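A.B. asks: I'd like to ask you about the structure that follows.
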Amino acid sequence: MCGIVAYVGHREACPVILKGLKRLEYRGYDSAGIALMNSDLTVYKKKGKVADLEAHLAGQDISGNIGMGHTRWATHGEPNDVNAHPHFSTSRNIAIIHNGIIENYAALKTLLEEKGHTFQSETDSEVFINLIEDIRINNKCSLEEAVRLALHEVVGAYAIVVLSKDAPNQLVAARKGSPLVVGIGEGEFFLASDATPIIEYTKDVVYLNDYELAVIKDGQLDIRTKEDIKQTPYVQHLEMELESIEKGGFEHFMLKEIYEQPRSILDNMRGRMVAEKDHLMMGGIREFENKFVNADRIIIVACGTSWHAGLVAEYLIEDLARIPVEVEYASEFRYRNPIVNERDIVIAISQSGETADTLAALELAKSKGATIFGICNVVGSSIARATDAGAYTHAGPEIGVASTKAFTAQVTVLTLIAMIIGSKRGTLENSKLRQLMVEMENIPAKVEECLKLDAQIQQIAAVFKDVTNFLYLGRGYNFPVALEGALKLKEISYIHAEGYPAAEMKHGPIALIDAQMPVVVIATKDSSYEKVVSNIQEVRARKGQVIAIVTQGDQVIPSMADYVIEIPETSEQLVPLLSVIPLQLLSYHIAVLRGCNVDQPRNLAKSVTVE
Ligand code: G6P
């Protein structure tokens, strides 16, 4: 949450920072601000999107080769001009941008107020910068020393960048719990919450670790721990291409990402599986194969859409590998004194690799001796680095706040894992394994076929765009898909939607059904098909409007559903990879028709780095 970007070098800083902020807007978009150093240290900030900040900058002196910017997702203090970042210290000599939460800010604020510091905003970040100033005055020390000492006083999470009038060519940054990447160009440096603002200029980056401080001055990068121990930066060369973070002709990132799924699923399997050669291998779990094979239990921790992918994995792993699986909301798991031991494997699933609750949940499991496995999309992210082993989902950057291609990529990886463990444990027969491998290879082409349903789904969306409630039903492998379909609709169209296991409908949601209630039923040909058909009848009997997702060629459901969306046939275990596609498209079109901001839905952020 919150995006931060800073620049120092030979270019004009302002355009680099504004462009970077736009790339980071998925992290929050309540307000935006920029600090530039020229003859003075000047801060401009505005409630709203980066575009509002840009308009506010018109006619101002925005020159300078050093500066920093911020796009906010409010935690402390409502979104307005004053609470927007950057924040000045009381003397206005130093300014900060901050992503994270300072938990002891109230106590620090009282202390600082007693010492004469004054505050303009309600933010914890303004407390942080005044603390730095206070230390600097009291200790008569350099800016970097004051920042370093301040890190010993604050409790919570932060990625910060600090600029000072007295050190006009210097950027000081630090992180704990919130991500921060340093980009190293030719005579220039970048700092950002992720690499997307950087890759246009350089692909050489250093991911800062927790409790590290980066000082950039005189063309040098110096990294130290908060104990002042010098670190040798580990420079990584990123493979990310610029096209992957642009819309490429699509109206929205979300639509582009939906359409990328045939490719992202394929990329995911590349090198890991070739059916013809009976090749099935995943580097990340190889080393831990025995642990997986002998595990008493697998616990999956995740949030949001990643949690839904975890639910699909529960069905897959129990079905194919016969290991008990528990799927936990990371936020609950971390606070409920869970029973975890050394024979457990904990899989943390996270697109961003930065979700605070998921990170904390895995740290807790680690402290209890479990083996931690990560499934992340963002390379080098905090979760990816905190795990014992893991697999990347290789979906490429996902910018739309509502997750789409990351979900199918997660499910693909988890399917391969279930197949690998199942075959090693002897719970998955060779013939079945082979059949699944062949069918997995057909999935990208079948997703392509699902995408051809776009125009039909757009028409259905037009019929239902003004309703206030939606129900999604599915059974077995399609139950998590029903949850995911409902979540997609809620997130981007603000229509209330609930996902339910189809059979549970009669224990409550059935009371909601009337002629105004659209019910999306995922009724593909699988082991619970007949039962789902009965559920459709139950909805019909109460005049609910049925939108059914069925297997191509279904002869039964078309006569009882109001709308029928046909998807290709596949193995039961692989159905979520297809059945979710029409639901993504349905939510997308409804949101567009309602005039919603699809890529940046209200109140949400893509990377939730606060608990
Ligand atoms: C936020 C995003 C969701 C995402 C969830 C978990 O709520 O808006 O799209 O599913 O966080 O994020 P993660 O990066 O851990 O998968």
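A.B. asks: Return the residues of the range 443-465 that are exposed (fewer than 15 other Cβ atoms within 10 Å of the Cβ) and either over 27 Å from Gln516 (Cα atoms) or among the charged types (D, E, K, R) (or both); say none if nothing qualifies.
C.D. replies: Those that are exposed (fewer than 15 other Cβ atoms within 10 Å of the Cβ) and either over 27 Å from Gln516 (Cα atoms) or among the charged types (D, E, K, R) (or both): Ala445, Lys452.
A.B. asks: For the list (1) surrounded by fewer than 17 Cβ atoms within 10 Å (Cβ to Cβ); (2) over 30 Å from Pro397 (Cα atoms), I need the number of the one condition that Ala150 fails.
C.D. replies: Going through (1) surrounded by fewer than 17 Cβ atoms within 10 Å (Cβ to Cβ); (2) over 30 Å from Pro397 (Cα atoms) one by one, Ala150 breaks only (1).
A.B. asks: Within the set of pairs 6 or more residues apart or between chains, which connect a residue that is free of Cβ contacts under 8 Å to residues at least 60 places away in the same chain and assigned to a loop (DSSP other than H, G, I, E, B) inside the range 384-408 to a residue that is buried (at least 21 other Cβ atoms within 10 Å of the Cβ) and among the aliphatic types (A, V, I, L, M) with Cβ atoms less than 7 Å apart?
C.D. replies: Qualifying pairs under 7 Å: Thr387/Ala348; Thr387/Leu362; Thr387/Ile372.
A.B. asks: Can you tell me which residues in the range 346-377 are open to solvent by 10 Å² or more (accessible area, probe 1.4 Å) and part of a helix (DSSP H, G or I)?
C.D. replies: Ala356, Asp357, Leu359, Ala360, Glu363, Leu364, Lys366, Ser367
A.B. asks: Considering the range 182-225 alone, what residues qualify as being under 23 Å from the mean Cα position of the chain (by Cα), surrounded by 21 or more Cβ atoms within 10 Å (Cβ to Cβ) and charged (D, E, K, R)?
C.D. replies: Listed by number, the list holds a single entry, Asp194.
A.B. asks: Okay, moving on. For the range 378-394, which residues satisfy the criterion of being open to solvent by less than 20 Å² (accessible area, probe 1.4 Å) and within 11 Å of the ligand (Cβ to nearest atom)?
C.D. replies: If we filter the range 378-394 for residues that are open to solvent by less than 20 Å² (accessible area, probe 1.4 Å), which is where we start, we get 380-383, 386, 389, 391, 393.
Matches in the range 378-394: Ser381, Ser382, Ile383, Thr393.
A.B. asks: To continue, here is another question. Out of Ile300, Ile317, which single residue is within 16 Å of the ligand (Cβ to nearest atom) and modelled with pLDDT of 95 or more? Full working, then the answer.
C.D. replies: On the way: Ile317 fails: within 16 Å of the ligand (Cβ to nearest atom).
Testing whether each residue is within 16 Å of the ligand (Cβ to nearest atom) and modelled with pLDDT of 95 or more leaves just Ile300.
A.B. asks: Examine the range 412-419 for a residue that is on the phi > 0 side of the Ramachandran plot and out of contact with any strand residue (DSSP E or B) (no Cβ under 8 Å at 6 or more places or on another chain), and state whether such a residue exists. Before the answer, list the steps.
C.D. replies: Of all residues in the range 412-419, those on the phi > 0 side of the Ramachandran plot come to none.
Within the range 412-419, not a single residue is on the phi > 0 side of the Ramachandran plot and out of contact with any strand residue (DSSP E or B) (no Cβ under 8 Å at 6 or more places or on another chain).
A.B. asks: Still on this structure, I have one more. I need a count of the residues in the range 572-596 that are touching a residue at least 24 places away in the same chain (Cβ under 8 Å) and either open to solvent by 10 Å² or more (accessible area, probe 1.4 Å) or in contact with a Phe, Trp or Tyr (Cβ under 6 Å, 6 or more places away or on another chain) (or both).
C.D. replies: Here is the first cut: in the range 572-596, the ones touching a residue at least 24 places away in the same chain (Cβ under 8 Å) are 572-594, 596.
Narrowing further to those that are either open to solvent by 10 Å² or more (accessible area, probe 1.4 Å) or in contact with a Phe, Trp or Tyr (Cβ under 6 Å, 6 or more places away or on another chain) (or both): 572-573, 575-576, 589, 592-594, 596.
Selection size over the range 572-596: 9.
A.B. asks: Run down Glu342, Glu326 and say which single residue is closer than 30 Å to Lys432 by Cα, away from the ligand (no atom under 13 Å from the Cβ) and not hydrophobic (A, V, I, L, M, F, W, C). Give the steps one after another, and end with the answer.
C.D. replies: Numbers: Glu342 fails: closer than 30 Å to Lys432 by Cα.
The conditions single out Glu326.
A.B. asks: While we're looking at this one, here's another question. Would you be able to tell me the number of residues in the range 546-571 that are open to solvent by less than 60 Å² (accessible area, probe 1.4 Å) and assigned to a loop (DSSP other than H, G, I, E, B)?
C.D. replies: 7
The values are calculated or read from the model by the stated rules, or taken from the named source; none is laboratory data. Bear in mind the structure is a predicted one, so any value in this text is a computation, not a measurement. Heads up, the Cβs are rebuilt from the backbone with ideal geometry, glycines too, and the neighbour counts pull from every protein chain shown. Accessible surface is based on the protein model in full, side chains and every heavy atom, while ligands, DNA and RNA are left aside. Shrake-Rupley method; radii C 1.70, N 1.55, O 1.52, S 1.80 Å.
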